[in-house]
Amino acid sequence: MIPQNVNINCGIYRIKNMRTGKFYVGSSKRLRARKNQHFKALEEGAHANHYLQNAWNAEEDKSVFEFQVFIYCNEDSLIKIEQGCLDYMKPSYNLNNVAGLPPSAKGLKRSEETVKKLKASLNKPEVKAKFSGPMSLEARSRMSAARKAMGENHPSKRPEVRAKISAARLALGENHPSKRPNVREKISKNTAAKRPEVREKMRQAQLNSCLTAEQRRASALKGAETRRLKKLMLQAEADTLSGWPSESSSPHPQALCE
């Protein structure tokens with residue numbers, strides 16, 4: 001029973017996996033549009049919530065996911081009621097349990113103690129070594145395999161995404177990060193041709209493809225000998241057809257009589 005003064009387009013919903021019982025809780029002012037957004041992104045493999053996306057990918061029967069609206073409310077109380085549902089229901093597929101935040105938790109206010117811990121963990125040598133410098137061959141192969149597996153479903157392949165990236169790049173102009181001197185220097189240092197292992201492979205390839213001086217000399221002599229023999233064969237064939245050797249290859253009959 002929905003009260004008469006409540007907006008039926010606004011409320012709290014959940015996307016539930018009926019096979020496992022796990023679910024995602026969210027809120028929206030436009031429930032039907034939000035439902036379409038969720039399932040469209042899941043079908044394209046581009047949902048912002050990787051918990052929900054991975055669960056969707058793992059199910060062969062996609063019909064086990066149901067969009068259920070369990071509370072209708074007005075906009076002024078939407079976030080407050082959603083927070084109460086998150087605290088009480090403890091959903092499995094939500095990336096964070098703070099109502100009103102996007103899946104990335106951007107804008108989440110962390111305590112000073114938490115910020116200090118995060119900074120300390122990021123400044124550890126092993127963490128810096130992991131995230132700085134060129135990626136390992138294993139990491140690059142994993143990324144390549146994942147991109148190939150997604151194919152045309154990769155976000156970067158969608159026309160609207162490519163158009164947004166292009167428009168943003170044009171709008172930034174000279175302010176684009178890639179135009180900054182320090183960034184360009186880093187890019188130059190980390191290019192494939194500058195990495196020692198790549199340069200060594202290129203050097204070996206050049207050595208294997210190039211001939212030594214003696215080999216080039218032998219090849220040139222062989223080519224000259226082949227051309228000389230070919231010329232003699234053509235001359236002999238011409239002499240045979242004419243019935244007498246040509247002036248260039250044999251003396252004239254009058255010279256023989258002198």
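So which residues in the range 26-73 are on the phi > 0 side of the Ramachandran plot and of a type in the set (Phe, Trp, Tyr)?
None; the set is empty.
Answer yes if at least one residue in the range 47-59 is of a type in the set (Phe, Trp, Tyr), under 25 Å from PRO159 (Cβ atoms) and outside the structural domain of GLU160 (by TED's automatic domain parsing), and no otherwise.
Yes: the range 47-59 contains one or more residues that are of a type in the set (Phe, Trp, Tyr), under 25 Å from PRO159 (Cβ atoms) and outside the structural domain of GLU160 (by TED's automatic domain parsing).
Test ALA41 against the stated conditions and say whether it is among the aliphatic types (A, V, I, L, M), closer than 28 Å to ALA146 by Cα and touching a Pro at 6+ places or on another chain (Cβ under 6 Å).
Spelling it out, it is not the case that ALA41 is among the aliphatic types (A, V, I, L, M), closer than 28 Å to ALA146 by Cα and touching a Pro at 6+ places or on another chain (Cβ under 6 Å).
Is it the case, given these coordinates, that SER219 is touching a Leu at 6+ places or on another chain (Cβ under 8 Å), surrounded by 10 or more Cβ atoms within 10 Å (Cβ to Cβ) and either under 30 Å from SER136 (Cα atoms) or at pLDDT below 75 (or both)?
Taking the combined requirement at face value, the residue satisfies it.
Free of Cβ contacts under 8 Å to residues at least 40 places away in the same chain, within 29 Å of ALA146 (Cα to Cα) and assigned to a helix (DSSP H, G or I): does that describe SER63?
Yes.
A quick yes/no check of all residues on (1) part of a loop (DSSP other than H, G, I, E, B); (2) modelled with pLDDT under 90; (3) assigned by TED's automatic domain parsing to the domain that holds GLU59; (4) buried (at least 16 other Cβ atoms within 10 Å of the Cβ):
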residue	(1), (2), (3), (4)
PRO3	yes, yes, no, no
LYS16	no, no, yes, yes
THR20	yes, no, yes, no
VAL25	no, no, yes, yes
ALA33	no, no, yes, no
GLN37	no, no, yes, no
LYS40	no, no, yes, no
GLU43	no, no, yes, no
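Tally up the residues in the range 124-141 that are at pLDDT 75 or above and surrounded by 10 or more Cβ atoms within 10 Å (Cβ to Cβ), please.
Number of matching residues: 4.
Mind checking which residues of the range 25-60 are touching a residue at least 60 places away in the same chain (Cβ under 8 Å), of a type outside the set (Gly, Ala, Ser) and under 16 Å from ILE81 (Cβ atoms)?
Selection gives VAL25 alone.
Out of (1) of a type outside the set (D, E, K, R); (2) in a strand (DSSP E or B); (3) in contact with an Asp or Glu (Cβ under 8 Å, 6 or more places away or on another chain), what's the single condition that is false for ASN7?
The single condition ASN7 does not satisfy is (2).
The values are calculated or read from the model by the stated rules, or taken from the named source; none is laboratory data. Note that this is a predicted model, so its numbers are computed, not measured. We place every Cβ from the backbone using ideal geometry, glycine too, and count neighbours over all the protein chains shown.
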